[in-house]
């Protein structure tokens, strides 16, 4: 049985209490338990499989832990549990909480984070965006498969959107991808074709979209991130 803690709690109290199973994160001293729904978990599993596969193909020392936390750079008593987290194993020796609490504190250890949007979309588009930017995470994806987000983020009318934020000179620059964009067989294209239009976005269509056959953008190669050493995504 998990012993309840009187809240608010400190980060140290949280990591001492945190059980090995279940999904928990700390927000300003308040412990939150997460229970993602089925489609959310399906997409998360797809992304982990694709990204770790590409890391193996490119012989990069990256892995995706299940329970690792990312400590807030701005709030001493906050720590996030990303949906998808890529970790550079070469950097772990400099992480003070890794061995004891599977927690990361430095952007250099984290090539990439992905959040799959649920109804609490403001967390991903506002809170975590600014936190991951401040931490120096090279690339942050927001996968909004069911168009939960605000119109200023995903357009009007709302559309399922993959928002790719890349860190450039300390600030995130955004490149959005939406269903209907002409994409090659990159991971971006697989996400858009496999998920939003096929089963999740009732506002637009319940039918499957065809995979894009042409690439109309000038940049024909897509990188996972600047921190992933030329890792090309989604090319089987």
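Express in nm, to one decimal, how much length is gained between residue 59 and residue 93 on full extension, taking 0.36 nm for each residue of separation and deducting their alpha carbon distance.
So the extension gain works out to 10.2 nm.
Computed extension gain for residue 175 through residue 34, at 0.36 nm per residue and net of the alpha carbon distance, reaches 47.9 nm.
Pairwise Cα distances in the range 16-152 exceed 18 Å for 55 percent of all pairs.
Rounded, prolate or oblate: which fits the range 63-117 when a ≥ b ≥ c are the square roots of the eigenvalues of the alpha-carbon gyration tensor, with rounded for a/c under 1.5 and prolate only if a/b beats b/c?
On the way: a/c = 1.55, a/b = 1.07, b/c = 1.45.
Verdict is oblate for the range 63-117.
Quick check: pseudo-label points 7 Å beyond the Cα along Cα→Cβ at residue 12 and residue 100, how many nm apart are they? In this crude spin-label approximation the distance works out to 0.8 nm. Computed from the Cβ-Cβ distance with R0 of 25 Å, the FRET efficiency linking residue 152 to residue 74 stands at 0.65.
Rule-based calculations on the coordinates, nothing more; no lab input. From a predicted model like this one, the values you see are computed outputs, not experimental measurements. FYI the Cβ positions are ideal-geometry reconstructions off the backbone, even for glycines, and counts take in every protein chain you see.
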